[in-house]
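Student: The structure under discussion is supplied below as structure tokens; questions concerning it will follow.
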Amino acid sequence: MVSSTEYGSHTWDLLLTVDHQHEGVEKEIPLQVTGDLHVGGLMLKLVEKIKIAQDWSDYAFWWEQKKCWLLKTHWTLDKCGVQADAKLIFTTQHKMLRLRLPNMKTVRLKVSFSSMVFRAVSDICKILNIRRSEELSLLKQSEGTLKKKKKKDKNSKEPATEDILNLCDSPVSSGLPANAGLYSKTMTPIYDPVSGSPASSTMTWFSDGSSAEQSCSILALSHPTCSPEMLAEMYQPRTLADKAKLNAGWLDSSRSLMEQDVQEEDQLLLRFKYYTFFDLNPKYDAVRINQIYEQARWAILLEEIDCTEEEMLIFAALQAYHVSKLSLSSETQDSTCESEVDEVEAALSNLEVTLEGGNKSNILEDITDIPKLADNLKLPKKLALKAIKTYWFVFRDTSISYFKNKESAQGEPIEKLNLKGCEVVPDVNVAAKKFGIKLLIPVADGMNEVYLRCDNEDQYARWMAACVLASKGRTMADSSYQPEVQKILSFLQMKNWTMCSQAASEPENVDMKPECFVSPRYTKKFKSKQLTARILEAHQNVSQMSLVEAKLRFIQAWQSLPEFGLSYYVVRFKGSKKDDVLGVSYNRLIRIDMATGDPITTWRFSNMKQWNVNWEIRQVAIEFDQNVSIAFTCLSADCKIIHEYIGGYIFLSTRSKDHNETLDEELFHKLTGGQE
């Protein structure tokens, strides 16, 4: 028999692997340890035995079998559960990673492989000078989206490595604290330390001026020219199931890169995950605005989001405008110049994309005098679309009532429609003078479709804005009603172009490759000269915009699309025998029929009481008001991704301009982490 004291003092062998670059030095080091040795002491013993003079401060132990870091250096080996068979690797926490940005440019930089992804993305955004890092995350491309590209690029690996911007020498990337005067978390302008003038984009992050300017031009300026061949090589989703593949690879924000099998020099996508672009400001957000613009541009070109022919031409005109602007003037190298900022200040009040992301405490609503709309609108009947009748419509609070005529408005309405929680879809063709509003109103057995036809742009803008607000449970007394009306009118104005005789008659004189500005579907539909002429038509309404304003207008037009902000997942609802698609947006969940693409039911986050995950069967369960509950399993991705999406959007809705930009990281993980 041995005493407990003698037993506890017994040592045992532990084989450690050291990840170093020194030739002739052993990488596997055996050490005799005891269970009460703490992790910090183990590191000290190991470094003393290696006898290599270098900075070991960035090193930590990675436990290979359990896929976890031993970062709590005061914990003992016994407390960590480390035994003799443990494979511990002593390696650097910061490693090189390749990131493909929304503008399809690849940057190479050092990233913490031991921090949670949420924190790692925050550090990356400091390097790239992107505010509001909580809107972005890292995405692994799924196998389904890579197949096409792999076949084409099998024998051409070299071009992929030519266009990589190496940012590994920047302060944060090296694991060093950034100079507080160069990167500001608050709304303090960022200044160039040499000239004292406001620094443009990422310039302050680079040591020498030439590389700074090059980096600035890549990250803050758009380079929209892309060949049809390049578009053809990229993954283009054709169905909702294909679109679901795009969202399958989001990394878990509550775990580190190493824990999710990301290796050094791997390539990930940095993307805006949450479509709530809070507090956009061209004075501070040159890179951020450009990257949002680029993500929108590629989503449209690759048909990840649907748009009409009229809308596609608007997007093409704004892109073509960028090309002409960049080619005509070298002064656009500084996209944060004061003149452009002044030009867009008025537009910003309408274009700022808070999307319910801000604090609503500042909204003043006079509940004693709710405004109302009353007008003649046309109502097509479902079974006979040609039989369009005119009725007297009254919009009050969040409901629409319609009567046979104005005189009968004092009596009972023919029907009263409550729009709270409904889907509002525009059905507009400005050239054909068609201004329609499609309402999908939740009922017990699905969605009830109602079509409204307006007579003109002004009437459409007022009624459409009222419907959009009502769907969110807000009335026309809300302070966002008038800005919403102006935003809709602005978008309609861009669509309402007139033919320019000179441009239309001489499209061959314009040096433009229209195939670079529209999706392949429209390239097949029209000849090159036809496309050029139509893009130039649309260009007449945007030609006076500054570069920043054109990007903001592009973002605004993107937000106006019915599918904007929807991330799709293939799910199986509890009790259902077939698969459906779940659309996750900033304020709601939508159940969509996979075969037809029609919405079946909508659930608003504002009506949600709680949500949780049964990790054993990987099922998400959500409870809403009025005893409504749903449960589903996710088939196209891990259920943790949807769980994090819901919690993430709720977290972003707590942001306010009144607070500084310090994020409540603990609250984010509480809402998104789950209890797995």
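The values are calculated or read from the model by the stated rules, or taken from the named source; none is laboratory data. All figures in this text were calculated on a predicted structure; none of them were measured in a lab. For neighbour counting, all protein chains shown are included, and Cβ atoms are generated from backbone atoms with ideal geometry for every residue, glycine included. Just so you know, the surface numbers come from the protein's heavy atoms only, side chains and all, with ligands and any DNA or RNA stripped out. Shrake-Rupley method; radii C 1.70, N 1.55, O 1.52, S 1.80 Å.
Student: Go through the stretch 573-617 and count every residue that is surrounded by fewer than 14 Cβ atoms within 10 Å (Cβ to Cβ) and either on the phi > 0 side of the Ramachandran plot or in contact with a helix residue (DSSP H, G or I) (Cβ under 7 Å, 6 or more places away or on another chain) (or both).
Tutor: 2
Student: A further question on this structure: Regarding Thr654, is this residue out of contact with any strand residue (DSSP E or B) (no Cβ under 8 Å at 6 or more places or on another chain), at pLDDT below 90 and either outside the structural domain of Val468 (by the TED database) or open to solvent by 50 Å² or more (accessible area, probe 1.4 Å) (or both)? Talk me through it step by step, then tell me what you get.
Tutor: Working: out of contact with any strand residue (DSSP E or B) (no Cβ under 8 Å at 6 or more places or on another chain): yes; at pLDDT below 90: yes; either outside the structural domain of Val468 (by the TED database) or open to solvent by 50 Å² or more (accessible area, probe 1.4 Å) (or both): yes.
Yes; evaluated as a whole, the condition is true for this residue.
Student: Mind listing whichever residues of the stretch 81-121 are at positive phi and in contact with a helix residue (DSSP H, G or I) (Cβ under 9 Å, 6 or more places away or on another chain)?
Tutor: Met104, the sole residue that qualifies.
Student: Would you check which residues across the stretch 449-468 are open to solvent by 40 Å² or more (accessible area, probe 1.4 Å) and assigned to a strand (DSSP E or B) and list them?
Tutor: Filtering the stretch 449-468 for residues open to solvent by 40 Å² or more (accessible area, probe 1.4 Å) gives 449, 451, 453, 455-458, 462.
Within the stretch 449-468, Glu449, Tyr451, Arg453 meet the criteria.
Student: Taking into account only those residues within the stretch 1-58 that are of a type in the set (D, E, K, R) and open to solvent by less than 70 Å² (accessible area, probe 1.4 Å), which is modelled with the lowest pLDDT? I'd like the intermediate steps shown before the answer.
Tutor: Filtering the stretch 1-58 down to residues of a type in the set (D, E, K, R) leaves 6, 13, 19, 23, 26-28, 36, 45, 48-49, 51, 55, 58.
This time we only want the ones that are open to solvent by less than 70 Å² (accessible area, probe 1.4 Å), so: 19, 58.
Working: Asp19: 90, Asp58: 95.
Filtering first and then ranking leaves Asp19.
Student: Run down Ser490, Ser505 and say which single residue is at pLDDT below 85 and farther than 25 Å from Leu302 by Cα. I'd like the intermediate steps shown before the answer.
Tutor: Details: Ser490 fails: at pLDDT below 85.
Only one candidate passes the filter, namely Ser505.
Student: Please enumerate the residues belonging to the stretch 532-556 that are among the hydrophobic types (A, V, I, L, M, F, W, C) and under 16 Å from the mean Cα position of the chain (by Cα).
Tutor: As a first pass, look at the stretch 532-556 and keep what is among the hydrophobic types (A, V, I, L, M, F, W, C): 533, 535-536, 538, 542, 545, 547-548, 550, 552, 554-555.
Those that are among the hydrophobic types (A, V, I, L, M, F, W, C) and under 16 Å from the mean Cα position of the chain (by Cα): Leu552, Phe554, Ile555.
Student: Among the residues of the stretch 597-625, which ones are without any contact (Cβ under 8 Å) to a residue 12 or more places away in the chain and assigned to a loop (DSSP other than H, G, I, E, B)?
Tutor: Glu616
Student: Of the conditions (1) farther than 19 Å from Tyr645 by Cβ; (2) part of a loop (DSSP other than H, G, I, E, B); (3) open to solvent by less than 10 Å² (accessible area, probe 1.4 Å), Gln291 satisfies every one except a single condition; which number is it?
Tutor: Result: Gln291 passes all but (2).
Student: Could you tell me whether the stretch 532-546 includes any residue that is surrounded by fewer than 15 Cβ atoms within 10 Å (Cβ to Cβ), assigned to a loop (DSSP other than H, G, I, E, B) and at pLDDT 90 or above?
Tutor: Scanning the stretch 532-546, I find no residue that is surrounded by fewer than 15 Cβ atoms within 10 Å (Cβ to Cβ), assigned to a loop (DSSP other than H, G, I, E, B) and at pLDDT 90 or above, so the answer is no.
Student: Check off (1) modelled with pLDDT of 95 or more; (2) surrounded by fewer than 13 Cβ atoms within 10 Å (Cβ to Cβ) for Leu97 and give me the number that stays unchecked.
Tutor: Looking at each condition in turn, Leu97 falls short on (2).
Student: Would you pick out the residues in the stretch 261-282 that are outside any loop (DSSP other than H, G, I, E, B) and either of a type in the set (Phe, Trp, Tyr) or open to solvent by 20 Å² or more (accessible area, probe 1.4 Å) (or both)?
Tutor: Listed by number, the residues that qualify are Gln267, Arg271, Phe272.
Student: Scan the stretch 470-482 and report the pairs whose first residue is more than 13 Å from Arg396 (Cα to Cα) and whose second residue is open to solvent by 20 Å² or more (accessible area, probe 1.4 Å) and in a helix (DSSP H, G or I), with Cβ atoms within less than 7 Å and a gap of 6+ or a chain change.
Tutor: Once the first residue is more than 13 Å from Arg396 (Cα to Cα) and sits in the stretch 470-482, no partner that is open to solvent by 20 Å² or more (accessible area, probe 1.4 Å) and in a helix (DSSP H, G or I) comes close enough.
Student: Can you name the residue in the stretch 129-144 that is at negative phi and in a loop (DSSP other than H, G, I, E, B) and is also farthest from the chain's Cα centre (by Cα) among such residues? Break it down stepwise before answering.
Tutor: Of all residues in the stretch 129-144, those at negative phi come to 130-131, 133-144.
With in a loop (DSSP other than H, G, I, E, B) added as a condition, the list becomes 130-131, 140-142.
Numbers: Ile130: 13, Arg131: 14, Lys140: 14, Gln141: 15, Ser142: 17 Å.
Here the answer is Ser142.
Student: Quick check: is even one residue across the stretch 227-245 within 28 Å of Arg131 (Cβ to Cβ) and surrounded by fewer than 22 Cβ atoms within 10 Å (Cβ to Cβ)? I'd like the intermediate steps shown before the answer.
Tutor: Step one: list which residues in the stretch 227-245 are within 28 Å of Arg131 (Cβ to Cβ), which gives none.
No, that holds for no residue.
Student: Any residue in the stretch 574-588 that is of a type in the set (Phe, Trp, Tyr), outside any strand (DSSP E or B) and outside the structural domain of Leu469 (by the TED database)? Spell out how you get there, then give the answer.
Tutor: Let us first name the residues in the stretch 574-588 that are of a type in the set (Phe, Trp, Tyr), namely 586.
Filter once more, so that each one left must be outside any strand (DSSP E or B): 586.
Right, trim to outside the structural domain of Leu469 (by the TED database) and you get 586.
There is at least one residue in the stretch 574-588 that is of a type in the set (Phe, Trp, Tyr), outside any strand (DSSP E or B) and outside the structural domain of Leu469 (by the TED database).
Student: Let me ask something else about it. Residues being under 17 Å from the mean Cα position of the chain (by Cα), closer than 16 Å to Tyr284 by Cα and of a type outside the set (A, V, I, L, M): count how many of those fall in the stretch 118-128.
Tutor: Selection size over the stretch 118-128: 1.
Student: Name the single residue, out of those in the stretch 547-572 being of a type in the set (Ser, Thr, Tyr), in contact with a Lys or Arg (Cβ under 9 Å, 6 or more places away or on another chain) and open to solvent by less than 30 Å² (accessible area, probe 1.4 Å), that is farthest from Leu652 (Cα to Cα). Please lay out each step first, then the result.
Tutor: Applying the first criterion (of a type in the set (Ser, Thr, Tyr)) to the stretch 547-572 yields 560, 567-569.
Cutting the leftovers down to in contact with a Lys or Arg (Cβ under 9 Å, 6 or more places away or on another chain) gives us 560, 567-568.
Still in the list and also open to solvent by less than 30 Å² (accessible area, probe 1.4 Å): 567-568.
Working: Ser567: 16, Tyr568: 20 Å.
Result: Tyr568.
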